[in-house]
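Take a look at the structure set out below.
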Amino acid sequence: MTRPIIGIAANETFDPGSTLYHLPISYTPRGYIEGVQNAGGVPLLLPITDPDYAETYVSQIDKLILAGGQGVSPEIYGQAQKTDGNYSKARDDFEQALITETLKQGKPIFAVCRGMQLLNVYFGGTLYQEIGPLSGVEHMQDPIPREEPSHDLLLEKTSSLHTIYGNQGRINSFHHQAVERLGEELQITGRCSNGMIESIENKKRRILGVQWHPDFAYTHLKQEQEVFDYVVKQL
């Protein structure tokens with residue numbers, strides 16, 4: 001049986017320290033790699049580069065994963081930057097090109113945390129740049145261990161993940177930005193108890209975005225590996 005090739009949009013750091021001789025590094029957390037492999041897929045990292053490469057990259061994969069990382073630049077959704085933060089225009093530009101090409105080629109997209117936020121912005125939505133004062137729920141759970149759930153997840157019955165979590169589950173949380181206005185063509189399929197959007201979908205286009213991190217908890221919580229199983233085998 002042919003294993004599906006799952007493209008994972010990589011992150012980068014320009015100075016990882018003396019251990020790696022201060023060389024620029026392209027990388028992705030191992031959780032994405034192992035989660036995909038456990039589900040029977042072949043992970044293929046797509047390093048940040050000129051957006052013109054997107055068409056060729058996407059032609060080599062069966063599905064795309066947009067991973068977590070930096071904040072999404074507010075200028076993309078027409079706002080001035082209101083808070084200090086870690087942003088990467090190069091990553092924003094490249095991943096938007098990947099989205100465009102993946103949609104054009106009719107392939108599925110799974111987006112995690114930052115990835116879900118970027119998807120929402122791509123479709124014309126906006127973000128809360130800083131959710132701290134808006135929420136009674138702890139959305140940046142550190143120092144709670146990353147594999148432990150920190151708040152609830154309330155899913156619509158129409159959610160693709162309803163068979164995994166049911167109407168209500170528990171998830172981890174590591175984000176300071178969140179979806180504000182929903183992008184066109186997207187549907188909200190999950191929230192937490194304070195109403196914050198936790199999952200979005202477009203089933204026709206085979207798009208799934210989650211705000212939590214299955215890649216942090218896939219070895220500890222069966223349902224988080226089941227998310228990767230769904231993405232690799234069914235999305």
- [ ] Kindly provide the Kirkwood hydrodynamic radius of the stretch 1-119 in Å, to one decimal, from all pairs of distinct alpha carbon atoms.
- [x] 15.0 Å
TODO: For a footprinting-style exposure proxy, rank 92, 52 by other Cβ within 10 Å, fewest first.
DONE: 52, 92
- [ ] From zero up to wherever the largest Cα-Cα distance of the stretch 39-105 sits, split into 5 Å bins and tell me the percent of pairs in each.
- [x] 3, 16, 25, 22, 16, 10, 6, 2, 0
Task: Mean separation of Cα contacts under 8 Å (6+ apart) over length of the chain, as relative contact order % - done: 20 percent
TODO: Just rank 219, 163, 189, fewest to most, by other beta-carbon atoms within 10 angstrom.
DONE: 163, 219, 189
Open item on the list: Can you give me the Kirkwood hydrodynamic radius for the chain, using every pair of distinct Cα atoms, in Å to one decimal?
Closed with: 17.8 Å
TODO: Going by C-beta contacts inside 10 Å, put 107, 204 in order with the fewest on the left.
DONE: 204, 107
Open item on the list: With a cut-off of 8 Å between alpha carbons and a minimum separation of six or more residues, what is the relative contact order of the stretch 41-100 in percent?
Closed with: 45 percent
Open item on the list: Just to verify a number: FRET efficiency for residue 222 and residue 80, C-beta to C-beta distance, R0 = 45 Å, to 0.05?
Closed with: 0.55
- [ ] Please state the charge dipole magnitude for the chain, taken about the Cα centre, from unit charges on C-beta atoms (+1 on K and R, -1 on D and E), reported in debye and rounded to the nearest 20.
- [x] 680 debye
Open item on the list: What lysines does residue 203 reach when the alpha-carbon gap must be under 28 Å and sequence neighbours fewer than 8 apart in one chain are set aside?
Closed with: 63, 104, 107, 157, 222, 233
Task: Residue-averaged 222 nm ellipticity for the chain, from DSSP H runs of 4+ at -39500 (n - 2.57), nearest 500 - done: -7000 deg cm²/dmol
Task: Longest segment of the chain lacking chymotrypsin sites (Phe, Trp or Tyr not before Pro) that sit in a DSSP loop with at most 14 other Cβ atoms within 10 Å - done: 22-235
Task: Förster radius 30 Å - calculated FRET efficiency between residue 193 and residue 56, Cβ distance, rounded to 0.05 - done: 0.10
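Rule-based calculations on the coordinates, nothing more; no lab input. Everything numeric in this text was worked out from a predicted model, so none of it was measured. For neighbour counting, all protein chains shown are included, and Cβ atoms are generated from backbone atoms with ideal geometry for every residue, glycine included.
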